[in-house]
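Please read the structure below before turning to the comments.
The values are calculated or read from the model by the stated rules, or taken from the named source; none is laboratory data. The structure displayed is predicted, hence computed values, not measured ones. A quick note on method: Cβ atoms are made from the backbone with ideal geometry, for glycine too, and the neighbour counts reach across all protein chains shown.
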Amino acid sequence: VAIEQALRRAIGSEQIYLEFQPLVDLQSGRLTSFEALARWRHPELGVVSPGRFIPVAEKSGLIVPLGEQILRMVIEQLAEWQRASVPLAPVAVNVAPLQFERADFPARCHELASQHGLDPKWLSFEVTESAWLQNSTRSVAMIDTLRQAGSKVYLDDFGTGFSNLSYLKHLPIDAVKIDQAFVRNISVDPSDAAIVRGVLAMAKQLGIDTIAEGIETAEQLDCLREMGCHRGQGYYFSKPVPANQCRALLEQMG
Ligand code: G
Ligand code: G
Ligand code: MN
Ligand code: NA
């Protein structure tokens with residue numbers, strides 16, 4: 001409860017800030033986009049990890065105003081880069097299931113983007129399987145709306161949720177993000193390698209791009225590249241960085 005109350009007070013304040021982690025094309029090694037990751041710096045608690053406060057936010061419903069703040073901060077950051085003529089790359093925002101339950105979510109995103117003169121093509125959205133399974137018909141319509149405006153939609157944490165994959169054929173997503181749990185031991189564990197190969201083959205058949213998360217070593221990268229995974233993300237390329245380091249990353253890796 002203490003952390004929930006502190007979080008309630010933090011929402012809307014500068015205690016909440018963003019970091020950005022690059023996504024990289026595994027063939028060319030070039031930066032293609034960023035994922036925005038929320039951070040919370042509390043005056044007494046210090047930096048609280050999202051692994052700790054996101055679940056609290058989801059349970060309490062605070063994720064809805066927090067998610068709105070994060071979305072707004074991402075749009076404001078992109079608009080600021082645009083004004084300063086910093087070269088842009090698309091930024092992906094994590095969308096919690098509770099946020100995605102609101103049918104007006106796509107409209108809200110576009111309204112905010114338009115208020116800041118930002119083309120929605122610079123925004124991507126990461127949704128999880130559970131968000132989708134709550135109401136599949138409406139989810140498809142919402143994903144269609146986001147994509148029609150030029151945004152990309154990714155299925156996050158792929159492989160950790162449900163074993164029934166039949167829903168994938170109805171889901172109009174741009175890419176699946178293969179959870180880091182499958183990447184961690186990919187170069188040493190034949191079972192993990194087999195699972196990832198299976199996911200890549202299935203995604204290819206469905207015409208969906210693939211993004212591997214949590215790449216930390218050259219061995220993992222070699223495996224994934226050889227298997228034909230399109231893109232990746234992880235400490236091997238870069239940890240999440242503050243906004244003021246994004247330009248340098250773009251110039252270095254773009
Ligand atoms: O950034 P990583 O440091 O530790 O994030 C931990 C977890 O928190 C991940 O599951 C990530 O998806 C989630 N997360 C990080 N930022 C956000 C955010 O802005 N919104 C939501 N819903 N989840 C986030
Ligand atoms: O759930 P989601 O995939 O959105 O969250 C991504 C999480 O993975 C964040 O917590 C981010 O900080 C973390 N992360 C990113 N790259 C790496 C990595 O190479 N290794 C590990 N262990 N975690 C990573
Ligand atoms: Mn994510
Ligand atoms: Na993920």
Can you tell me which of Lys121, Lys152 is within 24 Å of Arg72 (Cβ to Cβ) and buried (at least 17 other Cβ atoms within 10 Å of the Cβ)?
Lys152
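What strands (runs of 3 or more DSSP E) completely inside region 16-77 contain at least 1 residues that are modelled with pLDDT of 95 or more, more than 21 Å from Val153 (Cβ to Cβ) and within 16 Å of ligand 4 (Cβ to nearest atom)?
On the way: elements: 16-25, 31-42, 46-48.
Strands (runs of 3 or more DSSP E) meeting the threshold: 16-25.
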Working only within region 1-10, note down all residues that are in contact (Cβ under 8 Å) with a residue 24 or more places away in the chain and either in contact with an Asp or Glu (Cβ under 9 Å, 6 or more places away or on another chain) or loosely packed, with under 12 Cβ neighbours inside 10 Å (or both).
Ala6
Out of everything in region 124-146 that is touching a strand residue (DSSP E or B) at 6+ places or on another chain (Cβ under 6 Å) and not β-branched (Val, Ile, Thr), what residue ends up being farthest from ligand 2 (Cβ to nearest atom)?
Leu146
Residue that is nearest to Gln99 (Cα to Cα), among those in region 111-150 that are of a type in the set (Gly, Ala, Ser) and out of contact with any Pro (no Cβ under 6 Å at 6 or more places or on another chain):
Ser139
Give me the helices (runs of 4 or more DSSP H) completely within region 158-253, filtered to those with at least 3 residues that are within 16 Å of ligand 1 (Cβ to nearest atom), ordered by residue number.
180-183
Note: among Ser114, Ser13, Ser85, just one is out of contact with any His (no Cβ under 9 Å at 6 or more places or on another chain), at positive phi and of a type in the set (S, T, N, Q), namely Ser85
Residue match in region 155-175 (condition: surrounded by 14 or more Cβ atoms within 10 Å (Cβ to Cβ), in contact (Cβ under 8 Å) with a residue 60 or more places away in the chain and under 23 Å from Phe34 (Cβ atoms)):
yes
Please work out which one of (1) charged (D, E, K, R); (2) within 16 Å of ligand 3 (Cβ to nearest atom); (3) over 23 Å from Arg108 (Cβ atoms) is the condition Glu58 fails and give its number.
(3)
Top-ranked residue of region 1-55 - restricted to ones that are among the acidic types (Asp, Glu) and within 16 Å of ligand 3 (Cβ to nearest atom), ranked as nearest to the chain's Cα centre (by Cα)
Glu35
Of the criteria (1) of a type outside the set (Gly, Ala, Ser); (2) part of a helix (DSSP H, G or I); (3) modelled with pLDDT of 85 or more; (4) in contact with a helix residue (DSSP H, G or I) (Cβ under 6 Å, 6 or more places away or on another chain), which one Val153 fails
(2)
Quick check on region 95-115. Is at least one of its residues surrounded by 14 or more Cβ atoms within 10 Å (Cβ to Cβ), within 15 Å of the chain's Cα centre (by Cα), closer than 20 Å to Phe53 by Cβ and among the β-branched types (Val, Ile, Thr)?
yes
Considering only region 25-35, I want to know if a residue exists there that is surrounded by 14 or more Cβ atoms within 10 Å (Cβ to Cβ), in contact with a Pro (Cβ under 9 Å, 6 or more places away or on another chain) and among the β-branched types (Val, Ile, Thr).
yes
For region 83-114 the number of residues that are part of a helix (DSSP H, G or I), in contact (Cβ under 8 Å) with a residue 40 or more places away in the chain and away from ligand 4 (no atom under 16 Å from the Cβ) is 5
